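Chemist: What follows is a single structure, and I will ask about it in a moment.
The values are calculated or read from the model by the stated rules, or taken from the named source; none is laboratory data. Keep in mind that what you see is a predicted model, and the values were worked out from it rather than measured. Note: ideal-geometry Cβ built from the backbone for every residue, glycine included; neighbour counts use all protein chains shown.
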Amino acid sequence: MQVLAYAEVAKNGHLFDLYGGDASYGVILLNAYSNLNYWYFDVDDEALETARIRLEEFGSRAHIKKFNARYLDKRISEEGLREIDCAIYDPGLRRGHVENPERGFLSKFSGPLDARYDRTKGKTISDVVNGYNTLALAEIFRTVEMPYPRRVANAIVRYRDSNRITTTEELSRIVSRVFPSKARRKRVPPEVLAMLALRIHVNEELEALGEAVKKGFEALRVGGLLITISYHSGEARIYKEHARKFDKRYAQEEKDKKLRVVTKKALKPSDEEINQNPLIRSAQMRVYEKIKS
């Protein structure tokens, strides 16, 4: 989706990949731009190990560290950087999450109810569905605009009164039974929405992304770019709301007119890109330039 072309703005500077994953962007960008310094962020230990192996050949130009994107300001300070040239936000799932049922990310495979990126800390989905009350569960499901969130929450609470919920398959059955067969045949089935909402919650994804976007924009040099990719409406909303706050066309005060929208409309992956990686089917890319500090 043209990430390489937009990232050229950092070809002689510093690029932050805030959700580095298996370092796919890193490999492409470091091969393309010989003077680029690539800064990798992720909290998933399996992803980190893959990234270290893939980026070893680039030596000191690849800066790999376990770091949550929401704390990028701390890393900038620790590394002695004054500003950055480009930041990429691609918070999508990686293949390692969906190909290993033991990670507990998908409803179609039976696995433990986990879905944490960083498996060394935080609540699991099991903690949530077996411990939260009906109101709290329903509120989680509303974050992805799931139909009948209260009904789904009630079904979970009723079930666990006699049986602890232990697997993704078990949870999927509970959710699916709430809906008529027609609803279960939709492009995004209800059990998939439920897993998405719970994954977002246990990883604090929206809170972390909001902080990371704010701090990334603050760290950009004038002329630098934020390259943002969303996979659902919650992520898209964060990017759009931040952009509108500083968009030169809409900001209320002159001092806040710091941003230009580079992409006139969201860019989507081609059929060829989707065939290569079906996980990006719903991806939408938006690019923003900082025009004033």
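Chemist: Which residues, taken from segment 28-42, are more than 19 Å from L279 (Cα to Cα) and part of a helix (DSSP H, G or I)?
Modeler: L29, L30, N31, A32
Chemist: Of Y19, Y6, which residue is closer than 18 Å to A283 by Cα and part of a loop (DSSP other than H, G, I, E, B)?
Modeler: On inspection, the qualifying residue turns out to be Y19.
Chemist: If you don't mind, there's one more thing I want to ask. Could you tell me how many of the residues in segment 122-150 are among the charged types (D, E, K, R), closer than 17 Å to E207 by Cα and part of a helix (DSSP H, G or I)?
Modeler: Residues flagged as among the charged types (D, E, K, R), closer than 17 Å to E207 by Cα and part of a helix (DSSP H, G or I) within segment 122-150 amount to 2.
Chemist: Same structure, new question: Using the structure shown, decide if R199 is surrounded by fewer than 17 Cβ atoms within 10 Å (Cβ to Cβ) and farther than 30 Å from R82 by Cα.
Modeler: Values: surrounded by fewer than 17 Cβ atoms within 10 Å (Cβ to Cβ): no; farther than 30 Å from R82 by Cα: yes.
No.
Chemist: Of the conditions (1) farther than 22 Å from F16 by Cα; (2) in contact with a helix residue (DSSP H, G or I) (Cβ under 8 Å, 6 or more places away or on another chain), S233 clears all except one; give me its number.
Modeler: Here S233 meets the rest and fails (2).
Chemist: Out of (1) surrounded by 15 or more Cβ atoms within 10 Å (Cβ to Cβ); (2) out of contact with any Pro (no Cβ under 7 Å at 6 or more places or on another chain), what's the single condition that is false for F109?
Modeler: (2)
Chemist: Sticking with this one: Filter segment 209-219 down to the residues that are surrounded by fewer than 24 Cβ atoms within 10 Å (Cβ to Cβ) and either more than 20 Å from the chain's Cα centre (by Cα) or among the small types (G, A, S) (or both) and list them by number.
Modeler: Scanning segment 209-219 gives G210, A219.
Chemist: Take segment 43-98 and flag every residue that is aromatic (F, W, Y) and not in a helix (DSSP H, G or I).
Modeler: F67, Y89
Chemist: Would you call L72 on the phi < 0 side of the Ramachandran plot, out of contact with any helix residue (DSSP H, G or I) (no Cβ under 7 Å at 6 or more places or on another chain) and in the same structural domain as A236 (by TED's automatic domain parsing)? Walk me through it before giving the result.
Modeler: On the way: on the phi < 0 side of the Ramachandran plot: yes; out of contact with any helix residue (DSSP H, G or I) (no Cβ under 7 Å at 6 or more places or on another chain): no; in the same structural domain as A236 (by TED's automatic domain parsing): yes.
Answer is no for this residue.
Chemist: Which condition number does V287 fail, the rest of (1) under 23 Å from E205 (Cβ atoms); (2) exposed (fewer than 15 other Cβ atoms within 10 Å of the Cβ) being met?
Modeler: Checking V287 against (1) under 23 Å from E205 (Cβ atoms); (2) exposed (fewer than 15 other Cβ atoms within 10 Å of the Cβ), the one that fails is (2).
Chemist: Further question on the same structure: Can we say A32 is free of Cβ contacts under 8 Å to residues at least 60 places away in the same chain and either surrounded by fewer than 22 Cβ atoms within 10 Å (Cβ to Cβ) or aromatic (F, W, Y) (or both)? Write out each step before concluding.
Modeler: Values: free of Cβ contacts under 8 Å to residues at least 60 places away in the same chain: yes; either surrounded by fewer than 22 Cβ atoms within 10 Å (Cβ to Cβ) or aromatic (F, W, Y) (or both): yes.
Yes, satisfied.
Chemist: Within the group E102, E169, which residue is acidic (D, E), more than 25 Å from L209 (Cα to Cα), in contact (Cβ under 8 Å) with a residue 60 or more places away in the chain and not assigned by TED's automatic domain parsing to the domain that holds L36? Give the derivation first.
Modeler: On the way: E102 fails: in contact (Cβ under 8 Å) with a residue 60 or more places away in the chain.
One residue alone meets the criteria, E169.
Chemist: Any chance you could count how many residues in segment 129-146 are free of Cβ contacts under 8 Å to residues at least 60 places away in the same chain and either of a type outside the set (A, V, I, L, M) or closer than 19 Å to T167 by Cα (or both)?
Modeler: Just the residues of segment 129-146 that are free of Cβ contacts under 8 Å to residues at least 60 places away in the same chain, to begin with: 130-139, 141-142, 146.
From what is left, the residues that are either of a type outside the set (A, V, I, L, M) or closer than 19 Å to T167 by Cα (or both) are 130-134, 137, 139, 141-142.
Number satisfying all stated conditions: 9.
Chemist: Within segment 156-178, take every residue that is over 28 Å from the mean Cα position of the chain (by Cα), assigned to a loop (DSSP other than H, G, I, E, B) and not basic (K, R) and give me the one that is nearest to D114 (Cα to Cα).
Modeler: Of everything passing the filter in segment 156-178, N163 is nearest to D114 (Cα to Cα).
Chemist: Give me the residue from segment 72-91 that is free of Cβ contacts under 8 Å to residues at least 60 places away in the same chain and surrounded by fewer than 16 Cβ atoms within 10 Å (Cβ to Cβ) and, out of that set, nearest to G234 (Cα to Cα).
Modeler: Result: K74.
Chemist: Here are some residues: V129, V144, V152. Which one is crowded, with 19+ Cβ neighbours inside 10 Å, within 26 Å of Y231 (Cα to Cα), modelled with pLDDT under 95 and not hydroxyl-bearing (S, T, Y)? Break it down stepwise before answering.
Modeler: Details: V129 fails: modelled with pLDDT under 95; V152 fails: modelled with pLDDT under 95.
Every option except V144 fails the conditions.
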